[in-house]
Amino acid sequence: MSEATQELDATHPDDEGSEGAPPEAHGGAHAVEVAAAHGVDTMFTLSGAHVFPMYDGAVNPMREGTSMRILDVRHEQTAVFAAEALGKLTRVPGLAVLTAGPGVTNGVSAITQARFSGSPLVVVGGRAPANRWGMGSLQEFDHPPLLAPVTKLARTAHQVADLPEAVDEAFRVAAAPHRGPTFLDVPMDQFFDKASVPTPAPAPRQRVEPDAEALGEIGTLLAEARRPVLVLGTDVWADGAEEAALRFVEAAGIPVITNGMGRGVVPGGHPLLVTKARGRALGTCDLAIVVGTPLDFRLGYGVFGGKDGAPTAKVVHLADSEGQVSGHADLAGSAFGDLSLVVDGLQAALEQQLRKPDWSAWTDELRAEVATAVERDNALLTSEADPVHPARIYGELVPRLADDAVVIGDGGDFVSFAGKYVEPRRPGGWLDPGPYGCLGAGLGAAIAARIARPSSQVVLLLGDGAAGMSLMDVDTLVRHDLPVVMVCGNNSAWGLEKQPMQMLYGYDVAADLAPQTRYDEVVGALGGGGETVTDPTRIGAALDRAFDAGKPYLVNVITDVNAPYPRNTFGI
Ligand SMILES: Cc1ncc(C[n+]2csc(CCOP(=O)(O)OP(=O)(O)O)c2C)c(N)n1
Ligand SMILES: [Mg+2]
């Protein structure tokens, strides 16, 4: 028997039954085994000796036939953005493995984004060896104090024997509402060392019951409302409440606005989806019930009503956990807990009301506004303008999207247009950077989407500025055979910054990029394909070629820098 086979046999869990001893393995094998027990099948990484045991644990797992996929990228931010996106799409925490020091610090923005978006994510970092700590070994840096403010948990597993429990804790904490990133680093000497420790069995999911009395009071507020609106956000999807939410919407007949990963919970085209009448809905409602998203700048900090002489609206906040309930908004009601139970509970509370509300005049008013918006949008979606108006790209793209498409936004104005024109028909098919708004997430998210949804269209919308932050990871798409359609809205500028600076100062600096850069040729040089389009009538055919390409393909559309997204808030 070869040494390697002996090793494998010695660590097979079957031994546990016969010998009664837990399996012996090095730290990496233990960590991979625990991650696999939590449903992880892919680790995202960029090589570094400090984390080699994780790779060996993936290649030579403790149990035969459980090897983990290693998806190696070109920048650690992409590894973490990919793990974050996989966590968002699959609702199982994603796993990124970063080498000590610069590997970890390169991942910090993406970890922070996961914190802001409530994305389940586990980051395992290498760490300089404990037996040389303080002596100045390569990349010696104490990561947890740096990571603590942007994670739910940041700790060091000081001994190899601690690893299974520490990795299990990292996954449990990341996956528990309100979800978010956790970080664990492992001293190199301990990572390579062996221990005989059991693999903890993942604990079953705990569902927090909401307060029935609070929901009863909210049911009364809702029954009394004449112009209510429901807002569904990311946590509705993250908490698995999308079916309960749609059931409630249809039973109650309440108009809905969606944001983040709440998009698609009420499918595009649904008569109660009034996102296109957002201004009127949020500005003239008398009750706003916000579920699964913070009352932040995206929702006017939780102040609704007050438009066109309407009084200020009452606000109800429903969250997945106590800490997520707004502390700054003036709330007429709130509740927290498992969001399916929350929404089902609210439906039951409404059904118990004696007064059966009739909101048909209100929903008709909003539906008419939606119809007007659709008509107004059509002019831009079919624009023949030269240079191309960015909206025309969506006029061509949207009809080509299948119901199960995954659409990813990474950019400024170009992605804001997407938010306006792309209304997903299913939940879990829309990825944007969330309230942290970090450019550069795109390639990582595209890698994750291709893995999570192998047979769906994956479309990455890139501003030309954003493209520069992650385009080298097209190399990763090519090496791992992950075809993705990329569409670059190339206005040769940091458009979302250029226009506000013009508005504030009457001039702009640091906002222009090189004109008409051939990002398609960059993709071609890396082994993908692409083309540049300047004529609006040629966009559609270029998109068809991209969908048929069977390899990463970038359609580089030269757009009008003087067609900014019409926004009335800058998020500040
Ligand atoms: C990492 C990071 N750096 C800077 C910003 C500030 N920022 C927000 S949007 C934007 C412009 C994006 O330009 P581009 O991707 O070309 O999209 P456009 O607005 O031109 O459509 C910038 C620089 C940010 N959000 N994230
Ligand atoms: Mg741009």
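The values are calculated or read from the model by the stated rules, or taken from the named source; none is laboratory data. Note that the structure is predicted; figures quoted are calculated from it, not measured. With ideal geometry, Cβ positions are generated from the backbone for all residues, glycine too; neighbour counts draw on all protein chains shown. For the accessible areas, the whole protein counts, side chains as well, though only heavy atoms, and no ligand, DNA or RNA atoms are used. Shrake-Rupley method; radii C 1.70, N 1.55, O 1.52, S 1.80 Å.
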Subject >> Value of Rg/Rh across region 464-503 [Cα atoms, Kirkwood radius] >> reply: 1.16
Original post:
In square angstrom, rounded to the nearest 10, how much accessible surface does H328 have for a 1.4 Å probe?
Top reply: 120 Å²
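Taking DSSP loops as anything outside H, G, I, E and B, show the longest stretch in the chain free of trypsin sites (Lys or Arg not before Pro) there with at most 12 other beta carbons within 10 Å.
So the longest stretch without any such site is 356-566.
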**OP:** Classify the chain as rounded, prolate or oblate, taking a ≥ b ≥ c as the square roots of the eigenvalues of its Cα gyration tensor: rounded when a/c is under 1.5, otherwise prolate if a/b is larger than b/c and oblate if not.
**Re:** oblate
Subject >> Using alpha-carbon coordinates, inclination of helix 76-90 to the longest axis of the chain, degrees >> reply: 70 degrees
Original post:
Using the Cα gyration tensor of region 37-137, with a ≥ b ≥ c the square roots of its eigenvalues, what is the shape: rounded (a/c below 1.5), prolate (a/b larger than b/c) or oblate (neither)?
Top reply: oblate
**OP:** Compute the relative contact order of region 292-441 as a whole-number percentage, counting only Cα pairs closer than 8 Å that sit 6 or more residues apart in sequence.
**Re:** 12 percent
Original post:
Quick one: Cα centre-to-centre distance for region 62-89 and region 427-466, in angstrom?
Top reply: 15 Å
Subject >> the chain, accessible surface, carbon-and-sulfur percent (1.4 angstrom probe) >> reply: 51 percent
**OP:** Grab the other residues whose beta carbon is less than 12 angstrom from that of R355, score K and R as +1, D and E as -1, and report the net.
**Re:** -1
Original post:
So between H158 and S360, what do we pick up on full extension, going 0.36 nm a residue minus the alpha carbon distance?
Top reply: 66.5 nm
Subject >> For region 394-412 and region 487-541, distance of Cα centres in Å >> reply: 18 Å
Original post:
Can you give the relative contact order of the chain as a percent, counting alpha carbon pairs under 8 Å and 6+ residues apart?
Top reply: 12 percent
**OP:** Report the antiparallel proportion of the DSSP beta bridges in the chain as a percent, rounded to a multiple of 5.
**Re:** 5 percent
Original post:
Relative contact order (percent) for region 56-134, with alpha-carbon contacts under 8 angstrom and 6 or more residues of separation?
Top reply: 28 percent
Original post:
How long are the three semi-axes of the equivalent ellipsoid for region 375-430, computed from the Cα gyration tensor as the root of 5 times each eigenvalue, in whole Å, largest first?
Top reply: 20, 13, 9
Original post:
By how many degrees, 0 to 90 and rounded to 10, does the Cα axis of helix 242-252 deviate from the longest principal axis of the chain?
Top reply: 20 degrees
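Taking the Cβ of A541 as the centre, find all other residues whose Cβ is under 14 Å away and add up their charges (Lys, Arg: +1; Asp, Glu: -1).
Net of charged neighbours comes to -1.
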**OP:** Name the shape class, rounded, prolate or oblate, that the alpha-carbon gyration tensor gives for region 239-325, where a ≥ b ≥ c are the square roots of its eigenvalues, rounded holds for a/c under 1.5, and otherwise prolate holds if a/b is larger than b/c and oblate otherwise.
**Re:** oblate
**OP:** Please give the net charge around D413, taking every other residue with its beta carbon less than 12 angstrom from that of D413, where Lys and Arg add +1 and Asp and Glu add -1.
**Re:** 0
Subject >> Average accessible surface area per residue within the chain, 1.4 Å rolling probe, Å² >> reply: 40 Å²
Subject >> DSSP-defined beta bridges in region 439-572 - what % are antiparallel, rounded to 5 >> reply: 5 percent
Subject >> Point-to-point label distance, R479-L504, nm (Cα→Cβ direction, 7 Å offset) >> reply: 4.0 nm
Original post:
Using Cα atoms only, what is the angle between the long axis of helix 108-117 and the major principal axis of the chain, expressed in degrees (0 to 90) to the nearest 10?
Top reply: 50 degrees
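Calculate for the chain the 222 nm mean residue ellipticity that helices alone would give, adding -39,500 (n - 2.57) per DSSP H run of length 4 or more and normalising by residue count, nearest 500 deg cm²/dmol.
About -11500 deg cm²/dmol.
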